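The values are calculated or read from the model by the stated rules, or taken from the named source; none is laboratory data. Computed from a predicted structure; not experimentally measured. Neighbour counts are summed over all protein chains in view; Cβ atoms, including those assigned to glycine, are modelled from backbone coordinates with ideal geometry. With ligands, DNA and RNA removed, areas are computed over all heavy atoms of the protein, side chains included. Shrake-Rupley method; radii C 1.70, N 1.55, O 1.52, S 1.80 Å.
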Amino acid sequence: MVKLKNNTMAFRVCLFFILSCLLLVPETTMAQEMKRVSIVVEGARRVSETDENFVCATLDWWPHDKCNYEQCPWGYSSVINMDLTRPLLSKAIKAFKPLRIRIGGSLQDQVTYDVGNLKTPCRPFGKMNSGLFGFSKGCLHMKRWDELNSFLTATGAVVTFGLNALRGRHKLRGKAWGGAWDHVNTQDFINYTVSKGYAIDSWEFGNELAGSGVGASVSAELYGKDMIVLKDVINKVYKDSRLTKPKLVAPGGFYEKQWYTKLLQISGPGVIDVVTHHMYNLGSGNDPALVKKIMDPSFLSKVSETFKDVNQTIQEHGPWASPWVGESGGAYNSGGRHVSDTFIDSFWYLDQLGMSSRLNTKVYCRQTLVGGFYGLLEKGTFVPNPDYYSALLWHRLMGKGVLAVHTDGPPQLRVYAHCSKGRAGVTLLLINLSNQSDFTVSVSNGINVVLNAEPKKKKSLLDTLKKPFSWIGSKASDGYLNREEYHLTPENRELRSKTMMLNGKPLKPTATGDIPSLEPVIRGVNSPINVLPLSMAFIVLPNFDASACS
């Protein structure tokens with residue numbers, strides 16, 4: 001009797017410890033939870049439309065000794081010092097066929113173009129405490145401009161070039177600058193560019209001078225008048241040229257409603273073709289909460305109000321213009337070390353591409369192609385970071401037409417839908433921010449279920465496939481129909497890994513130094529879509545009924 005009592009007591013003690021241990025297990029190591037989610041894609045109309053080359057990356061002006069937080073992450077990756085002969089750099093750009101590149105950044109308003117009759121010597125950037133951002137004025141020699149254009153032409157890049165909007169002005173007080181803009185050096189530079197036959201898609205005026213400015217600011221009144229002058233320069237220079245006349249882009253600043261409104265009012269109809277604004281919604285690069293912000297769906301959604309406000313201001317005061325994000329690196333001051341250059345950043349980056357395109361943004365320029373911690377390519381080696389592959393997949397799969405999406409899933413599952421690029425059907429982007437939930441997704445066009453979350457094949461599904469309005473092109477037969485899936489996960493399940501996995505295979509340059517092929521897995525159209533915790537997936541539905549995409 002005593003022995004039985006002791007055994008019972010021992011059992012209770014063991015049970016207590018087992019339960020205690022279970023309660024202490026971190027959430028990330030708990031068993032995955034399977035959840036079924038329904039998605040409805042409205043395929044009958046486009047809610048917005050992007051530019052054909054929506055994905056864009058920037059090249060900046062920073063010298064190698066640009067530093068933040070006792071880190072100097074730029075190296076030789078700027079317009080003036082980057083090695084343009086490296087094969088991997090060229091191949092990384094060529095893979096987009098084409099990539100839109102914006103040349104610009106904080107120091108662009110201190111650049112002198114070494115052409116025409118200069119009144120002062122054209123010297124390189126140097127450290128100077130009294131200079132903007134701690135640097136002196138710098139120089140773009142025409143030999144380097146020739147080299148850049150040879151490189152950009154060879155890679156097929158679509159080029160936006162940011163012009164100096166402070167030349168001739170003087171500092172007034174605080175960050176405010178006044179005086180007339182001296183357009184002569186800019187006009188000489190554009191003349192030289194045209195005389196050499198260099199194709200420029202768009203000229204952008206100034207960098208972060210709007211509103212209260214960052215290093216300097218210019219009033220909307222002056223800026224608007226300068227836009228009229230620059231438009232006249234472009235019209236005259238390109239009048240007799242065989243080159244396509246570039247668009248005029250401005251102001252490349254942080255959105256402030258009153259300033260942007262006045263700029264459009266003063267410059268007037270048809271002057272500014274593209275209105276650009278900058279986004280760094282994650283805050284400073286040394287913020288210890290960067291990862292927390294990226295993984296918080298409510299935080300990610302907050303910035304949607306800025307996209308809406310910019311779009312509304314343009315619709316009300318400059319409907320002839322289009323909205324672009326001219327620069328966005330997530331975290332400012334060169335990005336976040338071990339964050340911006342790792343897998344986890346793609347949760348923020350792909351969500352930004354999805355959200356901004358849905359809210360009528362035509363182009364989204366990532367800071368940077370190379371340079372800082374937020375470079376799509378690693379400085380020096382030009383090996384792609386995870387966000388490079390996210391950008392490339394978006395560019396290849398997501399078409400111009402943006403479709404409305406509704407879901408009964410939780411906020412941790414972010415869903416975006418576009419017409420597929422270069423083919424019929426629809427492509428979904430699914431972003432799973434949950435560290436526990438494995439989502440099984442059913443997709444509908446609002447009329448019929450096209451993909452069912454149930455793993456078992458059901459007669460109703462096959463019947464759906466046979467209905468003519470459920471598919472684009474010829475009616476579906478009883479034969480086997482497929483879809484493409486591109487699942488993105490981090491190597492070794494480490495969110496801060498610098499290696500992205502595509503369908504379980506690491507994405508790295510090949511032994512011959514080429515960008516790897518991005519191959520999908522092929523699934524039967526009637527099989528369920530599964531999205532793993534802490535992963536992203538592009539799902540290509542080639543026969544999805546979407547009349548807006550035909």
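Restricting the first residue to segment 415-430 and requiring it to be within 10 Å of residue 539 (Cβ to Cβ), which pairs with a second residue that is in a loop (DSSP other than H, G, I, E, B) meet a Cβ separation below 7 Å and a spacing of at least six or different chains?
Matching pairs, first to second residue: 426/43; 426/544; 426/546.
Report, by residue number, each residue of segment 134-153 that is surrounded by fewer than 16 Cβ atoms within 10 Å (Cβ to Cβ) and under 26 Å from the mean Cα position of the chain (by Cα).
Those that are surrounded by fewer than 16 Cβ atoms within 10 Å (Cβ to Cβ) and under 26 Å from the mean Cα position of the chain (by Cα): 150, 153.
Taking the stated definitions as given, is residue 292 surrounded by fewer than 19 Cβ atoms within 10 Å (Cβ to Cβ), modelled with pLDDT of 95 or more and closer than 26 Å to residue 205 by Cβ?
Details: surrounded by fewer than 19 Cβ atoms within 10 Å (Cβ to Cβ): yes; modelled with pLDDT of 95 or more: yes; closer than 26 Å to residue 205 by Cβ: no.
Here the answer is no, as residue 292 does not meet what is asked.
Would a scan of segment 54-62 turn up a residue that is small (Gly, Ala, Ser), in contact with a Leu (Cβ under 7 Å, 6 or more places away or on another chain) and under 27 Å from residue 346 (Cβ atoms)? Before you say what the answer is, go through the steps one by one.
Residues of segment 54-62 small (Gly, Ala, Ser): 57.
This time we only want the ones that are in contact with a Leu (Cβ under 7 Å, 6 or more places away or on another chain), so: 57.
Still in the list and also under 27 Å from residue 346 (Cβ atoms): 57.
Checked against the condition, which is being small (Gly, Ala, Ser), in contact with a Leu (Cβ under 7 Å, 6 or more places away or on another chain) and under 27 Å from residue 346 (Cβ atoms), segment 54-62 yields at least one hit.
For segment 276-315, name all the residues that are touching a Gly at 6+ places or on another chain (Cβ under 6 Å) and in a helix (DSSP H, G or I).
The answer is 290, and nothing else.
So residue 173 fits all but one of (1) open to solvent by less than 50 Å² (accessible area, probe 1.4 Å); (2) more than 24 Å from residue 145 (Cβ to Cβ); (3) more than 27 Å from the chain's Cα centre (by Cα); what number is the exception?
(1)
Each row is one residue, and each column tells you yes or no for (1) within 17 Å of the chain's Cα centre (by Cα); (2) surrounded by fewer than 22 Cβ atoms within 10 Å (Cβ to Cβ); (3) among the small types (Gly, Ala, Ser).
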{"residue": "387", "(1), (2), (3)": "yes, no, no"}
{"residue": "398", "(1), (2), (3)": "yes, no, no"}
{"residue": "402", "(1), (2), (3)": "yes, no, no"}
{"residue": "407", "(1), (2), (3)": "no, yes, no"}
{"residue": "419", "(1), (2), (3)": "no, no, no"}
{"residue": "424", "(1), (2), (3)": "no, yes, yes"}
{"residue": "439", "(1), (2), (3)": "no, no, no"}
{"residue": "443", "(1), (2), (3)": "no, no, no"}
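Give me the pairs, please: first residue somewhere in segment 236-251 and open to solvent by 100 Å² or more (accessible area, probe 1.4 Å), second residue anywhere and assigned to a helix (DSSP H, G or I) and aromatic (Phe, Trp, Tyr), beta-carbon distance under 7 Å, and either six or more positions apart or on two chains.
Final answer for the pair search is 245/238.
Among the residues of segment 230-262, write down those that are within 16 Å of residue 216 (Cα to Cα) and outside any helix (DSSP H, G or I).
Result: 250, 251, 252, 253, 254, 255, 256.
Answer yes or no: is there a residue in segment 298-313 that is touching a helix residue (DSSP H, G or I) at 6+ places or on another chain (Cβ under 7 Å), crowded, with 24+ Cβ neighbours inside 10 Å, at pLDDT 95 or above and among the polar types (S, T, N, Q).
no
Could you pull out every one of the strands (runs of 3 or more DSSP E) wholly within segment 74-185 that has 1 or more residues that are under 24 Å from residue 390 (Cβ atoms)? Outline the logic, then answer.
On the way: elements: 100-103, 111-114, 138-141, 158-163, 170-173, 176-178.
Per the criteria, 100-103, 158-163.
I need the full set of residues from segment 51-75 which are in contact with a Lys or Arg (Cβ under 6 Å, 6 or more places away or on another chain) and crowded, with 23+ Cβ neighbours inside 10 Å, in order please.
56, 57, 58, 74
A quick yes/no check of all residues on (1) open to solvent by less than 20 Å² (accessible area, probe 1.4 Å); (2) more than 25 Å from the chain's Cα centre (by Cα); (3) not small (Gly, Ala, Ser):
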{"position": "488", "(1), (2), (3)": "yes, no, yes"}
{"position": "500", "(1), (2), (3)": "yes, no, yes"}
{"position": "506", "(1), (2), (3)": "no, no, yes"}
{"position": "512", "(1), (2), (3)": "no, yes, yes"}
{"position": "522", "(1), (2), (3)": "no, yes, yes"}
{"position": "532", "(1), (2), (3)": "no, no, yes"}
{"position": "535", "(1), (2), (3)": "yes, no, no"}
{"position": "544", "(1), (2), (3)": "yes, yes, yes"}
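Which residues, counting only those in segment 194-218, are of a type in the set (Val, Ile, Thr), in contact with a strand residue (DSSP E or B) (Cβ under 7 Å, 6 or more places away or on another chain) and either open to solvent by 10 Å² or more (accessible area, probe 1.4 Å) or part of a loop (DSSP other than H, G, I, E, B) (or both)? Walk me through it before giving the result.
Step one: filter segment 194-218 for residues of a type in the set (Val, Ile, Thr), giving 194, 200, 214, 218.
Pick out the ones that are also in contact with a strand residue (DSSP E or B) (Cβ under 7 Å, 6 or more places away or on another chain) and you get 200, 218.
Residue satisfying the conditions is 200 alone.
In this structure, does residue 168 turn out to be more than 28 Å from residue 92 (Cα to Cα) and in contact with a strand residue (DSSP E or B) (Cβ under 9 Å, 6 or more places away or on another chain)? I'd like the intermediate steps shown before the answer.
Working: more than 28 Å from residue 92 (Cα to Cα): yes; in contact with a strand residue (DSSP E or B) (Cβ under 9 Å, 6 or more places away or on another chain): no.
No: the conditions fail for residue 168.
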